[in-house]
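The values are calculated or read from the model by the stated rules, or taken from the named source; none is laboratory data. The structure presented is a predicted model; accordingly, all values stated were derived computationally and were not measured. Cβ atoms come from the backbone with ideal geometry, glycine included; neighbour counts cover every protein chain shown.
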Amino acid sequence: MSARSRIGVLALQGAFAAHTVALTRLGVESREVRLSGDLGECDALVMPGGESTTMSKLLETSALFDPIAERIADGMPVFGTCAGMILLAREVTDGRPDQRSFGAIDIAVQRNAYGRQVDSFETDIALRGDAEPFHAVFIARRASPGSVSGLKCSPSSRVIRCSYALTPSWRRRSTQSWRTMTACISCF
């Protein structure tokens, strides 16, 4: 991406405002994406945390699913946190029968894998290239990597990535989301 690129943030539901703030803090031009015309003005896309079933339904009712799927298939860089990870997965093992995902990363994701909200946990993790520990909150997510040549999964960083898609398996905290965004932008 060029220095003048604009990153879209899917703004149908979830933590889109926190991601927009993080991008602004990094000096990156961003745009909230609610309509297909908004997507056309973006060079990359962030899919925030939220409720994946609701986001999936809203992607259909807003007629955004197919345009996003086409852009991802054409190689648009995409970053998904929490529900965004579920939307990017090849398979959602315990999703609703009508729940669609983009299949951008060859992983199977289990919703609520760590249990319900009450079973969530927090821990410090190491991010490659960052000396300071990153405090991550793990909630309702688990991913199992598939066997794709472009897929990289690092157990120490809990980040899954292929040639154009990146997704951490932690839920970002708004106070630290700029660090996740820095990693995201460097991969685009």
Pull up the range 47-71, narrow it to residues that are aliphatic (A, V, I, L, M) and buried (at least 21 other Cβ atoms within 10 Å of the Cβ), then point me to the one that is nearest to residue 7 (Cα to Cα).
-> 47
Could you check, for the range 97-104, whether at least one of its residues is touching a residue at least 40 places away in the same chain (Cβ under 8 Å) and buried (at least 20 other Cβ atoms within 10 Å of the Cβ)?
-> yes
Exactly one of (1) buried (at least 21 other Cβ atoms within 10 Å of the Cβ); (2) in contact with an Asp or Glu (Cβ under 6 Å, 6 or more places away or on another chain); (3) not hydrophobic (A, V, I, L, M, F, W, C) is unmet by residue 84. Its number?
-> (2)
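How many residues does the range 1-46 hold that are among the acidic types (Asp, Glu) and either surrounded by 16 or more Cβ atoms within 10 Å (Cβ to Cβ) or within 19 Å of residue 57 (Cβ to Cβ) (or both)? Walk me through how you get there before you give the answer.
Taking the range 1-46 as the starting set, the residues that turn out to be among the acidic types (Asp, Glu) are 29, 32, 38, 41, 43.
Then drop every residue that is not either surrounded by 16 or more Cβ atoms within 10 Å (Cβ to Cβ) or within 19 Å of residue 57 (Cβ to Cβ) (or both), which leaves 32, 38, 43.
Residues in the range 1-46 being among the acidic types (Asp, Glu) and either surrounded by 16 or more Cβ atoms within 10 Å (Cβ to Cβ) or within 19 Å of residue 57 (Cβ to Cβ) (or both): 3 in total.
Out of the residues in the range 54-88 that are β-branched (Val, Ile, Thr) and assigned to a helix (DSSP H, G or I), state the one that is farthest from residue 15 (Cα to Cα).
Among residues in the range 54-88 that are β-branched (Val, Ile, Thr) and assigned to a helix (DSSP H, G or I), the one farthest from residue 15 (Cα to Cα) is 72.
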Every listed condition ((1) in contact (Cβ under 8 Å) with a residue 40 or more places away in the chain; (2) farther than 14 Å from residue 68 by Cβ; (3) in contact with a Pro (Cβ under 9 Å, 6 or more places away or on another chain); (4) not charged (D, E, K, R)) holds for residue 17 save (1)
Scanning the range 96-116 for residues that are modelled with pLDDT of 80 or more and within 19 Å of residue 57 (Cα to Cα) gives 96, 97, 98, 99, 100, 101, 102, 103, 104
Looking at the range 1-53, which of its residues are in a loop (DSSP other than H, G, I, E, B) and closer than 12 Å to residue 81 by Cα?
-> 14, 15, 48, 49, 50, 51
